[in-house]
1. Would you confirm, using the coordinates I've provided, whether TYR77 is hydroxyl-bearing (Ser, Thr, Tyr), touching a Ser or Thr at 6+ places or on another chain (Cβ under 9 Å) and within 16 Å of CYS169 (Cβ to Cβ)?
2. Residues ASN31, ASN3, ASN63, ASN70: which one is surrounded by fewer than 19 Cβ atoms within 10 Å (Cβ to Cβ) and within 18 Å of the chain's Cα centre (by Cα)?
3. Give region 36-73 a look and list any residue that's touching a Cys at 6+ places or on another chain (Cβ under 8 Å) and modelled with pLDDT of 85 or more, or say none.
4. Just checking, how many residues over region 158-182 are in contact with a helix residue (DSSP H, G or I) (Cβ under 9 Å, 6 or more places away or on another chain) and either assigned to a helix (DSSP H, G or I) or within 14 Å of PHE116 (Cα to Cα) (or both)?
5. Specify which of the listed residues (SER138, SER117, SER97) is under 17 Å from the mean Cα position of the chain (by Cα) and not aliphatic (A, V, I, L, M).
6. Going by what's in this entry, would LEU13 be described as at negative phi, within 16 Å of the chain's Cα centre (by Cα) and among the aliphatic types (A, V, I, L, M)?
7. Could you count how many residues in region 73-95 are buried (at least 16 other Cβ atoms within 10 Å of the Cβ) and closer than 30 Å to ILE5 by Cα?
8. Which count do you get for residues in region 69-108 that are within 19 Å of GLU37 (Cβ to Cβ), assigned to a helix (DSSP H, G or I) and not acidic (Asp, Glu)?
Amino acid sequence: MKNNIIIFRHLGLEHWRTTFNKMNAFTTSRNLYTFDEIWFVQHYPIFTKGQLNKDENIIHLNNIPLVCANRGGQITYHGPGQQILYFLINLKRRKISIRELIDIMHKIIIETLKNFSIESYIKKKSPGVYVYQKKICSLGLRVKKGSTLHGLALNVNMDLKPFKYIHPCGDAKINMTQIKDFNPNIQLKDIRTILIDNLSKLFNVIMINGKNIK
């Protein structure tokens with residue numbers, strides 16, 4: 001029964017550290033009977049660097065905080081107008097690999113963008129989703145106790161300038177884009193609705209709205 005349901009939560013706009021602490025506490029305390037969850041959140045401006053990051057990927061912080069995250073990958077930027085999804089998924093119970101989960105995450109974004117007439121694609125050696133050679137969605141995960149933490153960040157309607165202060169995902173050639181560049185009237189709530197629908201289809205589950213975690 002646990003595999004037929006995923007709880008989703010709207011956390012709103014939160015400081016990264018607040019969500020990070022809640023996410024790690026959830027993973028540490030979860031057991032075989034804990035429902036999987038997916039959290040929708042936006043963060044105040046912040047740079048987060050994964051465990052593979054190198055200092056040369058940072059050009060200029062411009063007074064934006066920089067924190068170390070316990071996820072894979074390198075450096076990225078989070079800010080208001082970016083829809084982040086944290087996947088708190090028990091891989092063993094769902095009998096899927098981390099590679100299969102990443103494939104599902106890619107498909108969720110590609111199908112969501114297609115709903116807004118935006119054609120996107122993936123690159124084999126660079127996780128994430130791209131539109132016209134520009135990156136629109138970044139991925140970063142960690143597995144702990146057989147369950148995942150962190151997730152994806154979809155650029156919707158945000159200030160992209162801070163991405164110029166770093167080499168996003170450790171690649172100086174990457175340029176970022178967002179849904180607003182193709183659909184100026186887009187609203188985050190519209191994106192969330194489609195994302196939830198695609199999550200339900202691709203995980204083959206019922207998505208249940210849960211209360212915010214304080």
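1. Yes; evaluated as a whole, the condition is true for this residue.
2. ASN70
3. Listed by number, the residues that qualify are THR48, LYS49.
4. Total satisfying the criteria: 5.
5. Residue meeting the stated conditions: SER138.
6. On the way: at negative phi: yes; within 16 Å of the chain's Cα centre (by Cα): yes; among the aliphatic types (A, V, I, L, M): yes.
Against the criterion (at negative phi, within 16 Å of the chain's Cα centre (by Cα) and among the aliphatic types (A, V, I, L, M)), LEU13 qualifies.
7. Within region 73-95, the first condition is being buried (at least 16 other Cβ atoms within 10 Å of the Cβ), and the residues that meet it are 73-79, 81-91, 94.
Imposing the further condition that a residue be closer than 30 Å to ILE5 by Cα reduces the set to 73, 78-79, 81-91, 94.
The total comes to 15.
8. Residues in region 69-108 being within 19 Å of GLU37 (Cβ to Cβ), assigned to a helix (DSSP H, G or I) and not acidic (Asp, Glu): 10 in total.
The values are calculated or read from the model by the stated rules, or taken from the named source; none is laboratory data. Keep in mind that what you see is a predicted model, and the values were worked out from it rather than measured. Glycine gets a Cβ as well: all are built from the backbone with ideal geometry, and neighbour counts include every protein chain shown.
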